Amino acid sequence: MYEIIAENFTPVLFRNDPFFWETGLKTAEYNGRRELSAGGFLMLNREHLYREKHPESFLEYIMADRHALHLAYGPFCDYDHHCFPFSNLLKLGLSGILARLREGRRKNTCPDRDDFYTAAEKGLNSVQKIILKFAQAAEQRKNATEDPADRTHWERIEQTALKLSQDPPGTFFEGLASLRFFYEIGNIMDGIGMSVLGSPDRQLIRLYRADLQAGRLTREEAYDLICRFMLQVDCKLDSSRPLDKQYNAGEQGDTLILGGLDEAGNPVDNELTEMFLRAHEELQLIYPKIQFRTSRRTPAELFHLVARPYLAGRNVIGLLNDEVLIPALLKNGKTPHDASGYVAGGCWEVIAEGTEHSEGANCYFSLGRAMDLTIHHDPELLKELGLDFKQPDSASSFQEFLDCCMDNVKTALKKMLETIAECGSVWPEVNPCPFFSACLDTCAETGLDYTQGGAKYSPHSVPLTGFAIWIDSLESVRKICFENREASLQEMLTAVRNNWKGFEQLRKKVLSLPHWGGGNPAVRELAGEILRELHQFITSFRNERGGPFQCGLYSYSDIVFWAKQTRATPDGRKDGDFLAQGITPSRMHHDSITSVLKDAASLPLEDFPANSVLNLNLSRNGLTEDALVALLRCWTEIKASGMLQLNCISREELEDADRNPGSHEGLIVRLYGYSARYVTLDADRRREFKERNLF
Amino acid sequence: MKMNLAEWMFFDTWKFLNLMQNGIQICNLGSSPGKFGFDYAGQKLHGANLASSPQSLAMDFKILRRYREFLSENAFVLIPLCPFSCIRTPYREPSHYWKYYPVLPPQEIPFYSEETHREICRFLSSLDDGHTEYPSDPLLAFDGTPGENEMKQSAQQLISGWKREFSMQDFSEKFSEDNLSAFRETAKLLHSLLDYCRNEHLRPALVLMPASHYFQDVFTPEFRRKYIDHFLEEACSGNTPVLDYWDHPDFHSDDCFLNALMLNKKGRKLLTEHVLADLAVKYPDPYHAQQEELRTYYKTISVRNTPLPFNPLKKQMTDFIEKNPALSPM
C-alpha cells in the first residue's frame, strides 16, 4: 500500500503557500476516518475481522453504543486522535528513523518480527520517495517560470523537500514544513487520524533563535510564516455553513499545543508562543484549535493574551492544566520527559507525544445511562446489551443501594473492557501501521507495531461521562430515602420511573439537596470515593495491546445526543435532559464559581491521566480581562481540572444572535472540544449551549 | 437647574453602553451621515457604528480613544467626510454633550457639571424599567423612500441651515476669518486623529459620503475642490486611503436615501458593502491569495464533492492484492 501511494500520487503545490504537504489522497474536512483517505484501504477491507472475532460480543458492544451506554468508535480500537511523533522526526530526520529501525532489526532475534521491519522500512522509503516527488515537482515549476519571486518560492520548496527527505530540519522554516508535511503524511500512509499539528513553540524555538542569530530570518518573517502555517488549516472548512450540514458537525481535529512546562518544571513558553497566539487572533481563526498549557509559572502576559479572545466573543482556546496533567501522567508511569511533552489530540485526549497512542476517544462510558439502567426496570434492553443488572428496589440502607449501583456500573464496564481486550486484539491484523510505529519510540527495538503493544506505552483511555448525574443521584437517595426519610426508596424509584410526573414536590426537595458543585463536604467525599473505586476497577484490566486502561472524565457531543436516550434519574433530571460535560456540575443547580472550582479541585484527578474536563460559561457582562486572568490562574493553581472548556458570553448577545444572526457571525462558542460559530448551530446544539450554567 | 431631559436625547448613548464588545474589526466615526451611513450586520467583519447625531470631529476623536480597547489589532476606522466637515467647530451648547455623560470620563466632556451628571443619572435610572433592549433611533429602522418633494424640501432646509451655521450667503464666497480658522483647526485635528490611528495599529480610511442629486447645484466641482480636496491636502498629505462615494452612480437614485443627505436602510447596506470591498483593495490582505487558492482547492476535495469511501488509489490497491494471493482474502 505504501509503495502504491508513493508511486501513484501526484504532488499538489500551491503558488501562495510556502509549504508542501498535499497529496490529493485525503478529503479536506477530516483526517481520522478510514473512508476519507487512501491509507484507509486496509482497514476498510479488513475491519470485518473485528466482527468475526466474536460476533455475539461485537453485536452487544455495538448495541451499547446505539443505546447510549458507551461509544463504539473504531469500534474497539481508536484509529483516530493520534499525534504524529514530531519530536522524533525533528531530532532524527527520516534517515535517522530509518537507521534506528535497521539497528533494531539487527539486534532483534525474533524471526516473527521480520514482517514488521520489512513493512516499516518500506513505509519510510516510500515517504522519502513522496518527499522527493515534491522536490521534483517544485523543481519543474521553478524551471517553468521566469518570474524571480516564483523561482524563489519553488526553489525553497525544492530545497526543503530534498533536505527533509533525509535530514532533520535545520531552520525554522524547515521545522514548520516538517510539522505540516508529517502531520499530513501520517494521515495518508496508515489511514489513521492525526489530530495534533505539533507543539511548535516547544519544538521549534531552537531553530528560530538560531535563524535570528545567523541573520537568516527576522521576527516579522517568522510571524508571516506562522500566519501562513495556520491559515491552511482554517481553509479546509467553510465555517459559515450550518453546523449540521458540515462533515462531522464542523469538527476537524487539527490542534496546536502551546506553552507548558518542561521536564525540569520550567516554563517552555517563549516568543513563538506569543506569535502563534497573536497570529491566531489577528487572522480570526477557529482552526487550528489552540490548546494552551497553563501552569503556576505561566507569565501574566500570556494569560492576558489567552484571555483577550474570550472577551471578544471568540471562545477558541482550550486550556490544559499542567499542574494536574503532568502529575497524573507521572503517577501513571510516564517518565518526566514523556509526561512534560504531552499534547491533547483532537479535543482533549492526552498523549505522551512520540511514545504512545492513548486511544482517547473511542469508548466514552456514560455513568448517567448506567444509573438510568439501574433505576428503570428494562430487562429487554439489558438483554440486548448482554448485561445482568441488579435491582435496587430491595436496598434497605444507602450502602446497599450504593453497592447495587456500583456493582451494575462495574458489570457494564467489565463487559466493555473485556470486549475491547478480546475483540480489539485483532487490531494488528485489521490495520497495522508500521510507518507510524517506526516513528514512535521503542517499536524499532521491540519489532512490534504499536497496535501490537510495541510502543513505549500502550494505554487505552476510558473516559467517563455523566459524573454529576451519578453523584447527585446517589446523594439524593442517601438524603431523601435513608437520612431524612422524606420518601421511601420505593417512592423515589417510582417517581423517577414516572419521569417525576405526580412527584413534583419530591423533585423540588431533591433539587434543593446538597449536590456536586455546591461545595458540600459530604458530596465531595462521596465523589472522591467513587472515582477512586472506579479508577481502581478500570485499571485492574488489561487492554487489547497488553497495556493498561487509564481513566478520563469527559465526553463529546454525547452530552446532547445520548441525553435523549437517558431517562429520568434520581438527581431530579427528567427524561432527555442534557448531560453535563466531564466533571461539570449538573445544569439544575446554580452554584457559585468558587464552590464549583473547590469541588472540582477536591477530586483525585491524578488518577485520571486521560484528562478531566470542566466546562465554565462566564457572563461577559462586566467581566474584565484582569478578572478573567485571575480566574484562569486560580483554576490552574488549585488544580480544578485537567482541562477547562471556557466560554465568555452574554445572554443578551445569544438572544440577539438568535434574532439577528447576520450581526453575530463573529461569535464563536466552545462546544465539546471544539469551537464553532454560534449562528451555525442547529436548534439542539443552541439549546444545549444556552442551558449550560452561566456564572 | 431644571433640565428638560427626554429619552430621544440618549438614543446614541445606549449603543455605546450596550453594544460594545471586544474584537471590533471595523468602526466608523462621524455625525448623522455616519450614523445613517453604515450598517455592519451580516458583514464579514465585526463592526460598530460610533457615529452620533450630531458629533464633531473633536468628539469623534474622544470616542475613538475611549473605545480603543474594544477594537482589535489592525481594525479599520472609517472617518466620514461630509460637505462641511472641514469648517465644523465644536458645539457650544452644553446640552449637546449630555448624551456623553454616561459614556466619557468627566474631563473629556465639554461644559461638564456634576449637577448635570447627577440629573442625567437620575433620569436614566427612571427609564430603567427592566427592559433589556434600550430604545434606538426609530429613523434607523426606516427603509422606505421619501417622495421627491420631501427630498427637495430636506435639501433646502439643510442648505439654509448650513448657511446659518457658517454665516454664509453663498458657498462659493471666500472663507471668513472664523471659517478659515475652523478649517485649519479641523485639519490639524484630523491630522492628529490619523496619527493616533497609525500609532495604535489601527487602519484609518476617509470616506467621502454620498449625497443625493438634490444638491447638484450646490456641490459643484468647485465646491468639492474647496471644501474637500484642499482640506484633505492640508490634513492628511495623501497617506490615508480616501474612499470616494461623493458622486457614485449607485447613490444617484432616491431609493437609497432617508432625506437628501442621509442614507436609509438600503443605502446604508449598499455603502457598507462598497466600503468593505474598497478597503480590501486599499489595504490588501497579505494572506488573501493564499486563502483563496487553498479554499478553492479544498472545495474540490471536500466530502461534499467526493463520493465516499474516498480512495483515488483503490483500483491499484485492489489489483495489487489480486496479483498477490497471499494477501487475500480481505
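Here are a few things to note about the model shown:
- Test for residue B:111: is it on the phi > 0 side of the Ramachandran plot, without any contact (Cβ under 8 Å) to a residue 60 or more places away in the chain, among the aromatic types (Phe, Trp, Tyr) and surrounded by fewer than 24 Cβ atoms within 10 Å (Cβ to Cβ): yes
- Among the residues of the range A:8-18, some residue qualifies, meaning at least one is part of a helix (DSSP H, G or I) and farther than 21 Å from residue A:460 by Cα.
- When the range B:32-51 is filtered for residues that are polar (S, T, N, Q) and surrounded by fewer than 24 Cβ atoms within 10 Å (Cβ to Cβ), the ones remaining, listed by number, are B:32, B:43.
- Some residue of the range A:110-126 being over 20 Å from residue A:161 (Cβ atoms), open to solvent by less than 10 Å² (accessible area, probe 1.4 Å) and of a type in the set (A, V, I, L, M, F, W, C): yes
- Per-region count, the range A:233-275, residues assigned to a strand (DSSP E or B) and open to solvent by 10 Å² or more (accessible area, probe 1.4 Å): 2
- Any hit, the range B:297-316, residues being away from chain A (no Cβ under 13 Å), modelled with pLDDT of 90 or more, out of contact with any Phe, Trp or Tyr (no Cβ under 8 Å at 6 or more places or on another chain) and open to solvent by 80 Å² or more (accessible area, probe 1.4 Å): no
- Residue list for the range B:284-296, restricted to those being facing another protein chain (nearest Cβ under 7 Å) and either assigned to a loop (DSSP other than H, G, I, E, B) or among the polar types (S, T, N, Q) (or both): B:287, B:290, B:291
- First in the range A:44-59 and within 21 Å of residue B:310 (Cα to Cα) and free of Cβ contacts under 8 Å to residues at least 40 places away in the same chain, second anywhere and assigned to a helix (DSSP H, G or I) and of a type in the set (A, V, I, L, M), Cβ under 9 Å, 6 or more apart: A:45/B:317; A:45/B:321; A:48/A:430
- Taking the criterion of being touching a helix residue (DSSP H, G or I) at 6+ places or on another chain (Cβ under 8 Å), within 30 Å of residue B:164 (Cβ to Cβ) and not in a helix (DSSP H, G or I), the residues of the range B:88-125 that qualify are B:88, B:89, B:90, B:91, B:101, B:103, B:104, B:109, B:110, B:111, B:112, B:113.
- Residue check, residue B:273 at pLDDT 90 or above, farther than 26 Å from residue B:32 by Cα and either out of contact with any Pro (no Cβ under 7 Å at 6 or more places or on another chain) or of a type in the set (Asp, Glu) (or both): no
- Number of the condition not met by residue A:78 [criteria: (1) part of a helix (DSSP H, G or I); (2) touching an Asp or Glu at 6+ places or on another chain (Cβ under 7 Å)]: (1)
- Selection within the range A:652-678 - open to solvent by 10 Å² or more (accessible area, probe 1.4 Å), of a type outside the set (S, T, N, Q) and facing another protein chain (nearest Cβ under 9 Å): A:652, A:653, A:655, A:656, A:661, A:662, A:664, A:665, A:666
- When residue A:141 is tested against (1) closer than 28 Å to residue A:341 by Cβ; (2) open to solvent by 10 Å² or more (accessible area, probe 1.4 Å); (3) basic (Lys, Arg), only condition (1) is not met.
- Residues that are open to solvent by 10 Å² or more (accessible area, probe 1.4 Å) and either in a loop (DSSP other than H, G, I, E, B) or in contact with a Gly (Cβ under 7 Å, 6 or more places away or on another chain) (or both) within the range A:328-363 comprise A:332, A:333, A:334, A:335, A:341, A:353, listed in sequence order.
- Residue A:545 vs. criteria basic (Lys, Arg) and open to solvent by less than 40 Å² (accessible area, probe 1.4 Å): yes
- Of note, residue B:155 does not satisfy the criterion of being within 14 Å of another protein chain (Cβ to nearest Cβ) and touching a residue at least 60 places away in the same chain (Cβ under 8 Å).
- Only listed residue being at pLDDT 95 or above and either open to solvent by 20 Å² or more (accessible area, probe 1.4 Å) or under 20 Å from the mean Cα position of the chain (by Cα) (or both), chosen from A:611, A:621: A:611
The values are calculated or read from the model by the stated rules, or taken from the named source; none is laboratory data. Owing to the predicted nature of the structure, the values given are computational and were not obtained by experimental measurement. Here Cβ is always computed from backbone atoms with ideal geometry, including for glycine, and neighbour counts include all displayed protein chains. Please note that ligands, DNA and RNA were not included when accessible areas were found on the heavy atoms of the full protein model with its side chains. Shrake-Rupley method; radii C 1.70, N 1.55, O 1.52, S 1.80 Å.
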